[in-house]
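The values are calculated or read from the model by the stated rules, or taken from the named source; none is laboratory data. Since we're looking at a predicted model, the values are computed, not measured. Heads up, the Cβs are rebuilt from the backbone with ideal geometry, glycines too, and the neighbour counts pull from every protein chain shown.
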Amino acid sequence: IQSRVYEAAFKSSENLLICAPTGAGKTNIAMLTILHTLGLYQKKNGTFNTKAFKIIYIAPMKALVSEVVGNFSRRLSHYGIEVKELTGDI
């Protein structure tokens, strides 16, 4: 599925609605859109103007959120990007 939406996810700021079964690659598509956004705010020295944007990823279950936070943290830490979890759980 990532190859079908690559142009829209990585090379444009177009809004996307992705509906696909579990394991089809929706999180990887989200990562493509995150990398696109980072590219928009990259400074000439290679760092990012992290004060200029926020990216919000919404997931339906706390377990999935924890998994995605770990995944995104690992993949984005090399860019100096901090990933945080916000939940409504009490």
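Would you mind telling me which numbered condition in (1) modelled with pLDDT under 95; (2) on the phi < 0 side of the Ramachandran plot T37 fails?
T37 satisfies all of (1) modelled with pLDDT under 95; (2) on the phi < 0 side of the Ramachandran plot except (1).
Which one is farthest from the chain's Cα centre (by Cα) among residues in the stretch 45-73 that are of a type in the set (G, A, S) and closer than 12 Å to V83 by Cβ?
Residues of the stretch 45-73 of a type in the set (G, A, S): 46, 52, 59, 63, 66, 70, 73.
Of the ones still in play, those that are also closer than 12 Å to V83 by Cβ are 66, 70, 73.
Numbers: S66: 14, G70: 12, S73: 10 Å.
Restricting to residues being of a type in the set (G, A, S) and closer than 12 Å to V83 by Cβ, the top hit is S66.
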